[in-house]
Amino acid sequence: QKEVEQDPGPLSVPEGAIVSLNCTYSNSAFQYFMWYRQYSRKGPELLMYTYSSGNKEDGRFTAQVDKSSKYISLFIRDSQPSDSATYLCAMSAKGAAGNKLTFGGGTRVLVKP
Amino acid sequence: DVKVTQSSRYLVKRTGEKVFLECVQDMDHENMFWYRQDPGLGLRLIYFSYDVKMKEKGDIPEGYSVSREKKERFSLILESASTNQTSMYLCASSVGPRNTIYFGEGSWLTVV
């Protein structure tokens, strides 16, 4: 079993809909949680960062962490065709050597005009 | 903004060739990483470095080596390229307790 599980999709939604993405994990030591967006043939870019449990909002993006359930989510409101990309969750434990991250496999999202 | 630059975006090499992938970051980050990304397998860590001349094996170090002579530069070396090393290679850097990693644009390597 992988340490971080993420549905590969594709997840297809109409423009303006809410996109809901999630990851589950097994390592209770994870305390830092990130979401990355990756466009085709590009490197991942950091979208959201959350430390420990709770919610964080940034514009149309909301990240949630539920450590008790080992479950994290990313919501994209008012989705746009430009949001079509692969979304990767990533996490690490406090004091992890070299800040090593463990990634999910990514969910491909397609927002249709 | 953090800038991680991978000098070669697209390379085609022959089996058995020695291949160098270069990466430079401009934010004085202590930590640097090399990943490879393959369909269905996600991002896999090859090597990372938390200081100059220091390196640690990641999850898939076989067939690779690295060099970090200066803080800003981290090189990935394929000693004898093989076709199963055809992949997208991503360099990244990070610093501090936030553990946020910043990636370069990626290098697409094809070994024929």
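Derivation of every value follows stated rules applied to the coordinates shown; laboratory data play no part. Predicted, not measured: the structure shown is a model, and the values here were computed from it. Ideal geometry is used to build each Cβ from the backbone, glycine not excepted, and the neighbour counts take in all protein chains shown.
Quick notes on this one:
- Over the protein assembly as shown, the pair-distance histogram of Cα-Cα distances with 10 Å bins from zero comes to 8, 33, 35, 19, 4, 0 percent, rounded to whole numbers.
- Simple spin-label estimate for B:E56 and B:D26 in nanometres, 7 Å along Cα-Cβ: 2.9
- For A:M91, B:M88, the sequence from fewest to most other C-beta atoms within 10 Å is B:M88, A:M91.
- Two-site label geometry, A:D78 and B:S80: point separation in nm, points 7 Å out along Cα→Cβ: 5.8
- For segment A:48-113, the Kirkwood estimate of hydrodynamic radius, built from reciprocal distances between every pair of different alpha carbons, is 13.4 Å.
- Centre separation in Å (Cα based) which lies between segment A:32-62 and segment B:45-112: 22
- Over 18 Å [Cα-Cα, chain A], rounded percent: 46
- Shape call, segment A:23-79: gyration tensor on alpha carbons, a/c limit 1.5: oblate
- If you take the alpha carbon atoms of segment B:68-108 and fit the smallest convex hull around them, that volume is 90 Å³ per residue.
- Note: relative contact order over chain A, using C-alpha pairs below 8 Å and six or more positions apart, is 37 percent.
- Cα extents of chain B along the three principal axes, largest first (Å): 40, 28, 24
- Relative contact order [Cα under 8 Å, 6+ residues apart], chain B, whole percent: 35
- The trypsin sites (Lys or Arg not before Pro) of segment B:1-108 that meet both conditions, a loop assignment by DSSP and at most 16 other Cβ atoms within 10 Å of the site Cβ, are B:K3, B:R9, B:R14, B:K18, B:K53, B:K71, B:R98.
- Residues of type lysines that B:K18 reaches as a straight line, Cα spacing below 29 Å, ignoring anything fewer than 8 places off in the same chain: A:K42, A:K100, B:K3, B:K53, B:K55, B:K57, B:K70, B:K71
- Total charge dipole magnitude, chain B, about the Cα centre, Cβ charges on Lys, Arg, Asp, Glu only, Debye to nearest 20: 180
- Sorted fewest first by neighbouring Cβ atoms within 10 angstrom, B:I77, B:I101 come out as B:I77, B:I101.
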